[in-house]
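See below for the structure under consideration.
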Ligand code: C2E
Ligand code: CA
Ligand code: CA
């Protein structure tokens, strides 16, 4: 029960308090009206007056209300820093009034201190539930009352400041797209709302946020790096990183994160705290600025500055790999005339088409040594109104730069339809080679440009090397290349045939087709002098087609002449074996000539088996299934191992001439030949010895169990007609020829 204290006690106690307390002492926490403006609510006149007097004496401005209802009216009408509210009153009690005061809209919560004679835990709980900030029990200690009020005001001010600062932090975080978080060493995680927003996380997902979940949103490419940094932070190592995250809606953002160890008051690490900021827009803006600064606006190609930046690491890579590179400086001939005639807009469009063609023509070039990595290292840049520069990586052979230049010039010459009429552009190219013509990108670019002037001087659509000696070599090679092109197209090639003899029976068991070039002036040119050039320039493809066709024609002619026809072996250069549609083309060819595929054997080298196993294997199997014979040429000179031979469907091994040469003398080669023969027998392959020149070699081979021989001892390569005589039915391979030289 609320027992009213004895009036005398109250008064005595009160007088002492007033005497002790200096008037107006204490600091005003927040209002303009002295120590603070209070609303004092009590229906007991005596108590209210004493309390009001005490508080006024202490410097507070006090408004008195004699009922709860009055308090509601006063509270709604003006602003207070604190309310002192009696619990037991006639009418609505203090709890009810407290609740109603709390329900009234306020710029910020005003502390409400309940005055109660009841200090049981039930009453206290009820007071807090109703929204009270604190309570003072009766009988009131008058000396303490102003202190309690001041304390209440200070707490309220501090909590208001805390709320304000948290709110401004939230606003700042939102403005900066920055969230903060902390992990405890035990793996618990806390984070701000803005962090959740950055991750696009649904409210419940962040409730159970954990370091693992936080890490799982980091994009796979960055995850390991971030995990390592965070683990190191757990050991006290701060970090700053930027990386990509995947938001909950699947979109990607780029964030910057800064984390430091989190310590307790004694300086012991208890976790890690950090901030994570969404910097996507900034990064994108930087990218755009960089794009603008380093690229040509019209074509989107790198500009001169960027070209030099890109070329430097490419050259460094080439230096380490010992690769040969070329810088091509291309200038569109008479562009000004075209531009003036068609107008600027069309001129711009033409330049864009030129840029596209150059990019296409540089990538996927037909330079045989160019692989995917080299292509990735290539750069095309626009460095002047109608000038472009290209960096070609690992071109294999210096002459390939000229081939590339010629190809690019041809590409640009393809007519472009502009305003309904075809426009044909010409271009000149200057070439500088790395490392021979310069060690740095600017030096090479300058030399390529210098070479361009020489090309321009030579006339339209020309290309020139910086180094004059290269120009001479290139001219020669170009001349030979075009001669060879003519040779293939105009029937200057011939096939000779060299028999493979079964030394036991003396019968011809097959022939190898070997190509020759009947040059109108220089006479017969052996294949070793032009096959490498054909391979470098891509002419090997039409050449091989010619050989296959000629071999089939010969076979068909021998059949028609009623000869004892034997299979013809054709040499297959590796690039030809790799062309698409090979299997179909060959089977069409044999059927066109009315031949069985088994009449053709393809001689391939070990390099085919080495490069891309799956494709090579499936192609060999397809050919074998159709009935073509497969022969492994120059066996022993490459990298073939037993496993290769076992894996691929081979019919024949040809022991390279180098092993046969000093066979008669015994020694290492004898052992090698013996093992090849054994291998062949085990795998059921025919083993043929190449380059057999002497009786001694033949005898040594027979002794090792190798009976099929090919070489000058038996026959030199001869024309189809010359061989026809030896293919008469039943005719033995007459005697043996005199060994060569
Ligand atoms: P290969 O495939 O190893 O052909 C055998 C070469 O050895 C032929 O030279 C042949 O004349 C020569 N030879 C044969 N018996 C003897 C001998 O007892 N002693 C000596 N010293 N040499 C002998 P050839 O015709 O000059 O051909 C050279 C190479 O050119 C061939 O080597 C082959 O790799 C290539 N080749 C020839 N014709 C073609 C062809 O049509 N296409 C392709 N891709 N390459 C071909
Ligand atoms: Ca061969
Ligand atoms: Ca050979």
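Note on residue 617 and residue 349: the model spin-label points, each 7 Å out from Cα along the C-beta direction, lie 5.3 nm apart.
Entry note, the chain: the mean residue ellipticity at 222 nm calculated from DSSP H runs of n ≥ 4, each adding -39500 (n - 2.57), is -14500 deg cm²/dmol after division by the residues and rounding to the nearest 500.
Its relative contact order, with pairs defined as Cα atoms under 8 Å and 6+ residues apart, puts the range 370-515 at 14 percent. Which angle between 0 and 90 degrees, to the nearest 10, do you get for helix 441-457 versus the longest principal axis of the chain when only C-alpha atoms count? For 441-457 against the chain, the angle is about 50 degrees. Computed packing ranks the peptides 686-693, 248-255 as 686-693, 248-255, most packed first, by mean other Cβ atoms within 10 Å.
List residues of the range 301-315, by number, whose backbone nitrogen lies under 19 Å from a label position 7 Å along Cα→C-beta of residue 321. Under cut-off, by backbone N: 308-315.
Checking the a/c ratio against 1.5 first, then a/b against b/c, what shape does the Cα gyration tensor give for the chain? In terms of gyration-tensor shape, prolate. Considering only alpha-carbon pairs that sit under 8 angstrom and 6 or more positions apart, the relative contact order computed for the chain is 6 percent.
Relative to the longest principal axis of the Cα atoms of the chain, the long axis of helix 668-683 lies at roughly 80 degrees.
Classify the range 31-72: rounded, prolate or oblate, from the alpha-carbon gyration tensor (a ≥ b ≥ c, eigenvalue square roots; a/c under 1.5 rounded; otherwise prolate if a/b is larger than b/c)?
Numbers: a/c = 4.57, a/b = 1.43, b/c = 3.21.
The shape class here is oblate.
When you count the other C-beta atoms within 10 angstrom of each residue and take the mean per peptide, 287-294, 307-314 line up highest first as 307-314, 287-294. Axis of helix 344-362 versus longest Cα principal axis of the chain: the two differ by about 70°, to the nearest ten degrees.
Sorting 659-667, 53-61 by their mean Cβ neighbour count within 10 Å, with the most densely packed peptide first, gives 53-61, 659-667. When both bridge partners sit in the chain, DSSP labels roughly 65% of those beta bridges antiparallel.
Values in this text are rule-based calculations from the coordinates and carry no lab data. Here the structure is a predicted model, which means the values were calculated and not measured. Virtual Cβ from ideal backbone geometry, glycine too; neighbours counted across all protein chains shown.
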